[in-house]
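The next block holds one structure in the form of C-alpha cells; read it before the comments.
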Amino acid sequence: MAIPDKSSIVIFGASGDLTYRKLIPALYHLYENGQLPESFAILGVSRTEYSDESYREKLRKSLTEMEQTKPDVLERFMSHLHYQAINTSDTDDYQKLAVRLAELKDKYGFVHNNHLFYLATPPSLYSVIPASLGAHGLNSEEDGWKRLIVEKPFGYDLQSARELDIKIHQHFQEHQIYRIDHYLGKETVQNLLVFRFSNTMFEPLWNRNYIQYVEITGAEFLGVEERGGYYDGSGAVRDMFQNHLLQVLALVAIESPPRINADAIRDEVVKVMRSLKPLDENDLKNNLVLGQYTESDVRGDFLPSYRDENGVADDSRTETFIGLKAFINNSRWNGVPFYVRTGKRLPTRVTEVVIHFNPTPHPVFGQDAPANKLVIRIQPDEGIQMSFGLKQPGAGFHSKEVKMNFHYKNLQEAQMLTAYERLLLDALKGDATLFARSDAVEACWEYVQPILDYKNDPQALFGYACGTWGPKEAHDLLAADGRQWRFPCKNLTDTDYCEL
Ligand code: BG6
C-alpha cells in the first residue's frame, strides 16, 4: 500500500467540532495503522490562543474519551501535532502561518513544501482562506504540492456556489481542490461501482427494461442536536439531498467508466447529474414532499418539535424531510422513477438503495408473485439482500419470496476505513476520485434550485411526528403509483416494517 508523501496537514477550524470528532480521530487511526508517512506535521489553526502543549492536551482528552487509543501510539501521534493562532479573516496574519510552516519544514526535514489545507471552518471563510493563502504564496506548487479540502456546504444555492467556485479558482486550480462529500468515503457507497460493473448477473438488467423503480433512503433518528443554528439556515435539501443523496443516486445510475480514475468516474457522474429531468411546476406540486418534525413520544421518550430545538426560529419553515420522485432523461433510465427521501427524527438511522425489478412478463404463478428486489444497505449493518421467488413447498405451484443476505461484518479480513480516514488518505495521495468535481457540484445545485425557490411557498411544508416515516404526503407519493416505501430496520434482515 502506497504511503503518502511527507507533508504538513493544516487544519483551519482547529478548535471546532469537526476537527475533534472526525479529523483528528481519522488521522490518529491512519497513524496507528502505519498509513501516514513517518515524517508529517499536523498544524491546527484558528483564532483561539493555544500553545502546542495546551492544544495537544485538549485533543488527547477528546481522543481518549471518544476513541480506542494505545497510550504509546497516542503519545507519538501527539508529538506531530502543533498549533498556530491567527486571525483567519485577516490576510496579513497569514504571515505567521507561512513562518510556522517554514519552521516545521526544518524541524521535520521535509525536502518539499507539500501542504494539505483542510477548511473545517464556517463557509463564510471558504473564499477568504484561499485568497489569503494565495497572498502569501502558499498556493504555489513550485516547491511541492498544495491541496485544499473544502467541507460542505459548497455554496448555499446555485449562484453562491458558482461565485465561490470562481473565487477559489482565482487562487487554486481545479486539480488542487478537493470538495469533500463524506458519503463518497463510505466503503458501501464505493461498492456500488464494483457491484454494478463487476457482475454479469446484474449489469445487463440494470436499466429501464428490467427495473421498475428505485428507492433511495437516508434516514436519521437523531434530530438537529446542537446544530439548530446552522441547520435552520440550511434544511434537508442543502444538508443531505443536494450532496450525499444525489451522489448515491449518481453511482446507482452511471454508465460504466472506461477506467477507474478520478476523471473517468467523475465524467460519468456529471453526465447523470446533468441528465436529471429538470423539476417543473408539476414536479414541485406533485412529486415533491417537504416536511418538518413535530413533537412526539417515541419509545417512552418525549422528543420536542423542530421549532423547539435550540437555535431554531419559533416560526421556522425549514424542512427536516424531503421526499422526491426524480427521473433521469437518458436511454438507460427514461421513465424509471427514483424515489428519494431523507429526514431527521425518522424511526431509525438507515441508508439504503432498493432496486425493484419488473415482474416476469407472463405471471404464470399469479399476479401476486413477488418481483425481484435488491437492497443495497449503505449503513448500518452494511450488506446486500436479494429477494427472489421460490416454490412454496407443498401442493400446487405457488411462488414465495425468500431472501439471500450478505453482511460486510462477515468479511473477516476487511479493514473498513471510516469515510474521513479514506478521504484524508486519498487527498494526501492526490487521488481525487472520491471528491466532488466543480461541474458536478454545479449540476446538483442547478437541479435543486427550483426546490429552494419553492420552499417558501406556504403550501410546501407538511408536519410529521418524530419517530414516523415522514409526512403522510410522502406515502401518498408512492401510493399514487400503486407502491409503498420500504420501512427498513436497523438490521438488514429484520422484517420489512420497522416498528417503533
Ligand atoms: C452531514 C449532515 O453531512 O451528514 C448531517 O450535515 C447528517 O446533518 C450527516 O447527520 C449524516 O451522515 P452519516 O454519515 O451519519 O449518515
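The values are calculated or read from the model by the stated rules, or taken from the named source; none is laboratory data. Only a predicted model underlies this, so the values are computations on that prediction, with no experimental measurement involved. Don't worry about glycine lacking a Cβ; one is built from the backbone with ideal geometry, like all the others, and counts go over all protein chains shown. Areas reflect the complete protein model, heavy atoms only, side chains present, ligands, DNA and RNA absent. Shrake-Rupley method; radii C 1.70, N 1.55, O 1.52, S 1.80 Å.
Name the one entry in Ile265, Ile254 that is under 26 Å from Leu492 (Cα atoms) and more than 16 Å from the ligand (Cβ to nearest atom). So that I can check it myself, show each step before the final result.
Numbers: Ile265 fails: under 26 Å from Leu492 (Cα atoms).
Ile254 is the lone residue from the list that is under 26 Å from Leu492 (Cα atoms) and more than 16 Å from the ligand (Cβ to nearest atom).
Being away from the ligand (no atom under 15 Å from the Cβ), under 30 Å from Gly430 (Cα atoms), of a type in the set (Val, Ile, Thr) and open to solvent by 60 Å² or more (accessible area, probe 1.4 Å) is true of Ile260. Quick check on segment 55-66. Is at least one of its residues within 31 Å of the chain's Cα centre (by Cα) and touching a residue at least 60 places away in the same chain (Cβ under 8 Å)? No, that holds for no residue. Inspection of segment 237-251 identifies at least one residue that is more than 16 Å from the ligand (Cβ to nearest atom) and either closer than 30 Å to Phe435 by Cβ or in contact with an Asp or Glu (Cβ under 6 Å, 6 or more places away or on another chain) (or both). Can you confirm whether Gly185 is surrounded by 18 or more Cβ atoms within 10 Å (Cβ to Cβ) and at pLDDT 95 or above? For Gly185, the condition - surrounded by 18 or more Cβ atoms within 10 Å (Cβ to Cβ) and at pLDDT 95 or above - is not met. Within segment 311-331, being under 10 Å from Gly235 (Cβ atoms) and of a type outside the set (Ser, Thr, Tyr) holds for Arg317, Glu319, Phe321, Ile322.
Residues of segment 360-373 include at least one that is in a loop (DSSP other than H, G, I, E, B), within 25 Å of Glu203 (Cα to Cα) and touching a His at 6+ places or on another chain (Cβ under 7 Å).
Helices (runs of 4 or more DSSP H) wholly in segment 3-81 with at least 1 residues that are modelled with pLDDT of 95 or more and surrounded by fewer than 14 Cβ atoms within 10 Å (Cβ to Cβ) - which ones? Full working, then the answer.
Details: elements: 24-32, 52-66, 71-78.
Counting at least 1 such residues, we get 52-66, 71-78.
Of the residues making up segment 382-415, just one is β-branched (Val, Ile, Thr) and within 24 Å of the chain's Cα centre (by Cα), namely Ile384. Beta carbons closer than 7 Å, at least 6 apart along the sequence or on distinct chains, pair a first residue in segment 91-109 that is modelled with pLDDT of 95 or more with a second that is open to solvent by 50 Å² or more (accessible area, probe 1.4 Å) and outside any loop (DSSP other than H, G, I, E, B) for Thr91/Ala135; Tyr94/Ala135.
Scan segment 217-236 and tell me whether some residue there is more than 10 Å from the ligand (Cβ to nearest atom), in contact with a strand residue (DSSP E or B) (Cβ under 6 Å, 6 or more places away or on another chain) and in a strand (DSSP E or B). Yes, segment 217-236 has at least one match. Kindly establish whether Leu346 is within 16 Å of the ligand (Cβ to nearest atom), over 24 Å from Gly470 (Cα atoms) and modelled with pLDDT of 95 or more. No: the conditions fail for Leu346. Picking from residues in segment 480-496 that are out of contact with any Ser or Thr (no Cβ under 8 Å at 6 or more places or on another chain) and open to solvent by 60 Å² or more (accessible area, probe 1.4 Å), the one that is farthest from Asp368 (Cα to Cα) is Asn491.
Results for (1) open to solvent by 10 Å² or more (accessible area, probe 1.4 Å); (2) within 20 Å of Val269 (Cα to Cα); (3) without any contact (Cβ under 8 Å) to a residue 40 or more places away in the chain, shown as yes or no for each residue.
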{"residue": "His171", "(1), (2), (3)": "yes, no, no"}
{"residue": "His175", "(1), (2), (3)": "yes, yes, no"}
{"residue": "Tyr178", "(1), (2), (3)": "no, yes, no"}
{"residue": "Asp181", "(1), (2), (3)": "no, yes, no"}
{"residue": "Phe195", "(1), (2), (3)": "yes, yes, no"}
{"residue": "Phe202", "(1), (2), (3)": "yes, yes, no"}
{"residue": "Val214", "(1), (2), (3)": "no, yes, no"}
{"residue": "Tyr231", "(1), (2), (3)": "no, no, no"}
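Of the residues Arg422, Arg377, the single one that is open to solvent by 40 Å² or more (accessible area, probe 1.4 Å), within 16 Å of the ligand (Cβ to nearest atom) and outside any loop (DSSP other than H, G, I, E, B) is Arg422.
Based on what the data block shows, is Phe195 within 29 Å of Thr348 (Cα to Cα), of a type in the set (A, V, I, L, M, F, W, C) and out of contact with any strand residue (DSSP E or B) (no Cβ under 6 Å at 6 or more places or on another chain)? It would help to see each step written out before you state the result.
On the way: within 29 Å of Thr348 (Cα to Cα): yes; of a type in the set (A, V, I, L, M, F, W, C): yes; out of contact with any strand residue (DSSP E or B) (no Cβ under 6 Å at 6 or more places or on another chain): yes.
Yes, satisfied.
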